[in-house]
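The structure under discussion appears below in the form of structure tokens.
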Amino acid sequence: MSLIGLSCRIFQIGKQSKIKWPCSHLSSCLQQRLCSTTSEIPKLQHGTSLPTIIDFPSFQTRSIQAPREALVETLYDEDSVGLVSLNPEVFGQLPLLHVMHDNIKWQTQYKHINYNHALSRHECRGGGRKPWPQKGLGKARHGSRRSPLFLKGGVAHGPRRYTTKFYMLAYGNRVLGLTSALSAKFAQDDLKVVRSLDVASSAPEPLLELLEQRLWGPSVLFVHTDDIMPEKICKATETIGHINLMPVYGLNVYSMLKHDTLVLTVPALRLLEERLMHAIYNTAGAHLHSPTQLL
């Protein structure tokens with residue numbers, strides 16, 4: 001179904017159920033097309049009548065930007081089944097490249113452990129006695145042959161084993177990194193919203209054909225609310241290395257930038273917005289999107 005046909009169907013359903021439409025969420029061009037083409041409403045293919053998703057919540061935000069919009073799709077049909085609005089403070093921010101770089105550096109270094117080890121002068125064998133007298137021979141004075149100046153001596157300031165580069169990135173930088181990555185994905189049309197993760201078959205071939213037809217990927221990250229995913233999509237993606245499943249609580253900047261397409265379910269989208277808005281406006285990370293933070 002085309003975008004105009006889907007919009008006409010949404011308009012007709014809203015008119016029958018007496019829904020008050022938030023005109024600020026729809027563009028003027030789309031409103032004119034809806035009003036002019038409501039007489040001819042195309043039907044869904046194969047005679048199916050899926051319930052249309054119309055989700056325009058009122059966001060508690062201080063941003064002056066208009067909410068973003070995204071089509072809701074399914075993984076077993078070519079038609080779109082709805083339209084959702086996205087919080088502008090989560091999906092409409094200016095992507096801060098230096099903040100995303102800090103997040104990537106933090107995620108790649110905090111798990112690194114150094115196992116290289118060089119012996120110091122106190123760990124080398126021998127060297128207990130003074131090699132020659134302090135005076136009378138015209139040589140430089142030394143107290144041990146295990147000094148870093150001697151061959152087979154200790155190493156000064158060498159690498160020590162079990163040292164880590166772990167550190168905690170600032171709370172505000174972590175939140176800004178998530179909003180910047182989500183905004184960049186949405187601006188590049190690499191963020192998709194689906195109704196659920198239900199697929200028609202547990203075989204990997206139909207899923208690969210669907211992703212190729214929609215130009216998703218080649219690497220795709222599916223995000224759901226829980227870590228318990230539907231059985232069919234788990235079996236379909238088990239042998240595919242470039243398609244991964246992830247719960248909302250595990251979503252991070254590194255994974256979003258590593259995959260070409262980010263696919264969110266509608267419940268995962270709302271849960272992610274709720275968590276990030278709480279993180280933005282709580283006491284520890286208040287006013288993260290103020291002009292002073294962008295400098």
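The values are calculated or read from the model by the stated rules, or taken from the named source; none is laboratory data. Since we're looking at a predicted model, the values are computed, not measured. So basically every Cβ, Gly included, is an ideal-geometry build from the backbone, and we count neighbours across all protein chains shown. To get the accessible areas, we keep the full protein, side chains included, count just its heavy atoms, and leave off ligands, DNA and RNA. Shrake-Rupley method; radii C 1.70, N 1.55, O 1.52, S 1.80 Å.
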Exercise. Going from most exposed to least, what order do Asp79, Asp102, Asp226 have by accessible area with a 1.4 Å probe?
Worked result: Asp226, Asp102, Asp79
For this session: Would you mind telling me the antiparallel percentage of the DSSP bridges in region 63-200, rounded to 5?
Result: 80
Seminar exercise, completed: Simple spin-label estimate for Tyr249/Ala200, 7 Å along Cα→Cβ, in nm, reads 3.5
Exercise. What are the extents of the Cα atoms of region 225-265 along their three principal axes, listed from largest to smallest and rounded to whole Å?
Worked result: 27, 21, 14
Problem set entry | Inter-label distance, nm, simple model (7 Å from Cα along the C-beta direction), Ser63/Lys235 | 4.1
Problem set entry | Spatial extent of region 154-295: Rg and Dmax, with the Cα atoms as the point set, Å | 18.9, 66
Problem set entry | Residues of region 188-253: accessible area per residue with a 1.4 Å probe, Å² | 52
Exercise. If amide H atoms are built 1.01 Å from N in the plane of the peptide, which residues on other chains or at least 5 residues away come under 5 Å of the amide H of Glu73?
Worked result: Val81, Val193, Val194, Arg195
For this session: Rounded to whole Hz and in sequence order, give me ³J(HN,Hα) for region 145-152 from the Karplus expression 6.51 cos²θ - 1.76 cosθ + 1.60, θ = phi - 60°, writing x for Gly and Pro.
Result: 7, 9, 5, x, 7, 9, 5, 6
For this session: Set the Förster distance to 41 Å, then compute FRET efficiency between Leu149 and Leu169 from the Cβ-Cβ distance, nearest 0.05.
Result: 0.50
Seminar exercise, completed: Sorted by accessible surface (1.4 Å probe, heavy atoms of the protein chains only), largest first, Glu209, Glu238 come out as Glu238, Glu209
Problem set entry | Residue-level accessible surface for Ser219, protein heavy atoms, 1.4 Å, Å² | 20
